[in-house]
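Read through the structure below, which is laid out as structure tokens, and then see the notes.
The values are calculated or read from the model by the stated rules, or taken from the named source; none is laboratory data. Computed from a prediction, not measured in an experiment: that's the story for all the values here. Because the Cβ atoms are built from the backbone with ideal geometry, glycine has one as well, and the counts that use them run over all protein chains shown. Surface areas here come from the heavy atoms of the whole protein model, side chains and all, with no ligands, DNA or RNA. Shrake-Rupley method; radii C 1.70, N 1.55, O 1.52, S 1.80 Å.
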Amino acid sequence: MSLLGRRAAPGWALAALAVLPLAFLAVFFLLPLGGMLARGFLPDGTLDLSAVGEVLGRARTGRVLAFTVGMAAAGTVLTLLLGMPLAYVLYRLTFPGRALVRAVVVMPFVLPTVVVGVMFRSLLAPTGALGVLGWDGSWVAILLAYVFFNLAVVVRTVGGTWEGLDSRAEDSARALGATPWQVFRTVTLPALTPAMVSAATLVFLFCSTAFGVVLTLGGLRYGTIETEIYLLTTQFLDLQAAAVLSVLQLVAVVAMLAVAARTRTRREQALRRGGARSAARRPRSHDIPLLSLAALAVGFVLLPVGSLVWRSLHDGDGWTLRYYRLLGDPGATPALRVSVTDALGNSLRTAIDATVVAVVLGLIVAVLVSRRPSTRRGRRLVSAVDGAFMLPLGISAVTIGFGFLITLDRPPLDLRSSAVLVPIAQAMVALPLVVRLVTPVLRGVDPRLRQAASALGAGPFRAAWTVESPVLVRPLLAATGFAFAVSLGEFGATSFLARPDRPTVPVLIFDLIGRPGADNLGMALAASVVLSVVTVGVMGVVERLRVAGVGAF
Amino acid sequence: MLTVEGVSVRFGDTVAVDDVSFELARGEVLAVLGPSGCGKSTLLRAVAGLEELASGSVLLEGRDLADVPTHRRGFALMFQDGQLFAQQSVAENVGYALRLRRMPAAKVRARVAELLELVGLPAYGDRRPGTLSGGEQQRVALARALAAEPRVLLLDEPLSALDRSLRERLAGDLRDILVRTGTTALLVTHDHDEAFTVADRMGVMFDGRLVQQGPTLQVWREPADERTARFLGFHHVVTGEPARRLLEAGGREADGVEGCAVAVRRSAVWVTDDGPLAGTVRDAVAVTDAVRLELDVEGVGPLEALAAQSARLEPGARVRLKVYGTGLAVVPR
């Protein structure tokens, strides 16, 4: 009996473990999403789908859809074109300072979206370094921001695969008479294709659901589905139309995630086959064209950053720290009720809370989805859980934010005035990233190690602890840093939920750039610099931990 | 004729290949044998043009290949794990070099079928490399390399990843195919048997230097120095009076070897009823086709030897020993 009990334990224990994250997902994701959809499709308590055809038939909806998809496609192609040479240079060549350049390239991915928006505005504004191009407020600015933001996804995902490719396959082809281009086309490219598809899918996903960047750069002139949902909800109170667009987005996102997941499994299989043998070498003269392209990409990343820092330190007369001094002054501008430093305190506190929630739940989910049940049903269940926790990655943060407001406003869960909503929403955004970072590490643990521990007399928990806890330390620390950085910069949901007297820094920055006056803009720039420094500092620590998965999917 | 003249390859401060020279006549197979990390793979890559030479030159038919990139050298490379292109079928892999040369599709098909037949895998054309066993993958890799009709075929431990019985069988097949196609080949390996079976000539490499080269049998029997002898499977090196006794017992000329050492293979010393030497068994271990003994031999000292499997030998037993002269080698000290 006791033997039977011990054998049955892991299954029951895992199910019990699953309750906590599933409940969290149900209450703070499905419920708000459902509430939002109910408002749209069940306006009077009865199903009313008449809005679907009407909304989809609107000329404006067509324009928004075309703009979203077209821009996301263009952004994806450009990011791939710029990212591939960079991936080659950073993962197949070795040179002094490579680690630094890698860190620089990852930086934009963790920068708060609003800050990215502010950067490109400071660069492209008529007074900015590239003001002569006249791209301020145009769709080009949004496109550039997409590329800037997602370069890391391509570089790390493709680069990681490229680094692991055994160069001897390429050597074989060369020896058989293939020119460098033929080697790339017939051997390297097919091996990289799954990683490229995976990266492209995610870039497309991130581009088509971008919110903060589009709102700051496009204002109300250019709308994507995401900003349109925001507009429909907050300005026109047209919840039916918002719900239709949310569902449309949901379907598209699920489809894209499914594609990404399929290529990812294929890639994991492919990588398991190949023997890893470091093939990175010093640059030679024939690498110069690719090195130049890579330098161009790095310049593209550094230019907006430099422009932001430079302009935050200049007013009309020259060098100044004035904007930074104003950050601590609550009365600096009548527009704000609190000083930026107070907001930074809020940001840090909520980000810490969100990080704790995301990491604890993410670890549980990762442990769950890295099990390999022996039954077909068990495996299906595991992959369903895996998929469910990826959903928040692509669902409109606006939908979540607004859903929180309309569903968690009455007993038993009246959280509208509570301070926990913001960290919970941020945790929801960070959770899938934590899961993605920790799960591959756990899946990579050879199950025979656990079997060996069991055979030596360790119970199932003891065996898992012995074998898996040592490899978890670094990825967990990295996930913590990553979750913290993401929470710190979260804008979409937070903009709905932060109370006016307790704003976070991204919300405040968005508020500031919407107001006229040099001081407001200067403070927005200075606050962006401060927020970036904190975020990049945290990510610098994460980078030192050398966990492969950050920014790679 | 492939000529390698004073070739050195450096990685930073380490010298991976140090002033290596050899010649490889057309249709000949040369094996470079050495322990892992001795620089033999780097030497192979240098010949292929995949590593830059720090000094020296590689010439083909007298023409310096310094300015000829890998893909124009007309060589082919084969690695221990095949390195088949996973995205292509077996037939596509084999026909790779032919398609690069824009050979018409029908001719490619015919040639691929011919080559698959040659390596003993007809009807495997549509398979994916991932579905093949290790031995089958190596056969396909060989067919792919031969399809290019390489002026020199470069083989990097081609059989090392396979298990022993397969390795032995495939080594024979490889030798057979290379001879039949008249292929000039340079093989690097750490496995004596592989080198011995496949090659006409053999070189031994330590720490980046080629310390000895010659016909395979000659190198096998007459290692140039003690280290080479030990690497080639001579278990003991004895000197002085014991060395003289062993040579005499083996019927070899023992005069003029003062100052030299004698290397002894385990298989040179066998237990018989009436051998010239006597010894005491210290330990006996049964192996697949003999009994392996550790002995104290009178007038020689500790030595390893073999006995027929039927012999029942306990530690302490006294035995007589016969010595085969071909298992002894005189090496300078």
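Structural remarks
- Computed about its Cα centre, the charge dipole of segment A:126-180 is approximately 20 debye, with only Lys, Arg, Asp and Glu carrying charge at their Cβ.
- Net charge of Cβ neighbours under 10 Å - reference B:Glu157; Lys, Arg +1; Asp, Glu -1: -3
- Antiparallel content of DSSP bridges confined to chain B, in %, to 5: 75
- Excluding ligands, DNA and RNA, the accessible surface per residue across chain A is 43 Å² with a 1.4 Å probe.
- Length-normalised contact order of chain B in % [C-alpha pairs under 8 Å, at least 6 apart]: 17
- Spacing of the two label points (7 Å from each Cα toward its C-beta) at B:Glu222 and A:Leu545, in nm: 6.5
- Here the label points at A:Ser469 and B:Cys260, each 7 Å from Cα along the C-beta direction, are separated by 6.6 nm in the simple model.
- In this simple spin-label model, placing a label point 7 Å from the Cα along the Cα-to-Cβ direction at both B:Arg101 and A:Val104 gives a separation of 4.7 nm.
- Inter-chain neighbour count for B:149-162: the average number of beta-carbon atoms from partner chains within 10 Å of each residue's beta-carbon is 1.
- Isotropically averaged projected area of segment B:1-107, using the convex hull of Cα atoms (one quarter of hull area), nm²: 8.7
- nm² value of the averaged projected area, convex hull over the Cα atoms of segment B:227-332: 6.3
- Radius 9 Å from Cβ of B:Ala254, net charge of other residues (Lys, Arg +1; Asp, Glu -1): 0
- Sites B:Glu168 and A:Val19 - FRET efficiency at Förster radius 51 Å, r taken between beta-carbons, to 0.05: 0.30
- Label zone of A:Arg63 (point 7 Å out along Cα→Cβ, amide N under 19 Å): in segment A:186-224 this covers A:214-224.
- Along each principal axis, Cα extent of the protein assembly as shown, largest first, Å: 110, 76, 59
- Euclidean distance of C-alpha centroids, segment B:1-35 and segment A:21-89, integer Å: 62
- The length gained by stretching the chain between B:Glu298 and B:Ala286 to full extension, at 0.36 nm per residue less their Cα-Cα distance, is 2.0 nm.
- With 0.36 nm allotted per residue and the present C-alpha distance subtracted, the A:Ser138-A:Leu237 stretch has 32.9 nm of extension available.
- Above 24 Å, the calculated P(r) of segment A:145-263 contains 46 percent of its Cα-Cα pairs.
- Accessible surface of the protein assembly as shown, 1.4 Å probe, proportion on carbon and sulfur as whole %: 59
- Chain pair A, B: total accessible area buried, heavy atoms, 1.4 Å probe, Å²: 2000
- Helix runs (DSSP H) in chain A reaching 20 Å along axis by Cα, Kyte-Doolittle at least -1.0: A:2-25, A:59-92, A:139-164, A:189-208, A:239-273, A:288-312, A:340-369, A:421-443, A:460-489, A:518-544
- Remark: relative contact order (chain A) = 23 percent; criterion is Cα-Cα distance under 8 angstrom and separation of 6 or more residues.
- Contact order normalised by residue count of segment B:227-332, Cα under 8 Å, 6+ apart, percent: 35
- Those residues of segment B:88-109 for which accessible area with every protein chain present is at least 30 Å² below the isolated value (1.4 Å probe): B:Tyr96, B:Leu100
- Neighbours of B:Arg180 by Cβ distance under 13 Å: Lys/Arg scored +1, Asp/Glu scored -1, total -3.
- Where chain B is the region considered: accessible area per residue in Å², 1.4 Å probe: 45
- What you get for the protein assembly as shown, charging only the Cβ of Lys and Arg (+1) and of Asp and Glu (-1), is a dipole of about 1940 debye around the Cα centre.
- The largest accessible area among B:Lys322, B:Lys107, B:Lys40 belongs to the first residue in B:Lys107, B:Lys322, B:Lys40, and the rest follow in falling order (1.4 Å probe, all chains).
- Placing +1 on the Cβ of every Lys and Arg and -1 on the Cβ of every Asp and Glu, with no other charges, gives segment B:227-332 a dipole of roughly 280 debye about its Cα centre.
- Per residue, the convex hull volume that the Cα atoms of segment B:107-263 enclose (Å³): 143
- Surface listing: A:Trp310, A:Trp465, B:Trp220 arranged by accessible area from highest to lowest gives A:Trp465, A:Trp310, B:Trp220, probe 1.4 Å.
- Looking at the protein assembly as shown alone, DSSP beta bridges between its own residues are antiparallel in about 75 percent of cases.
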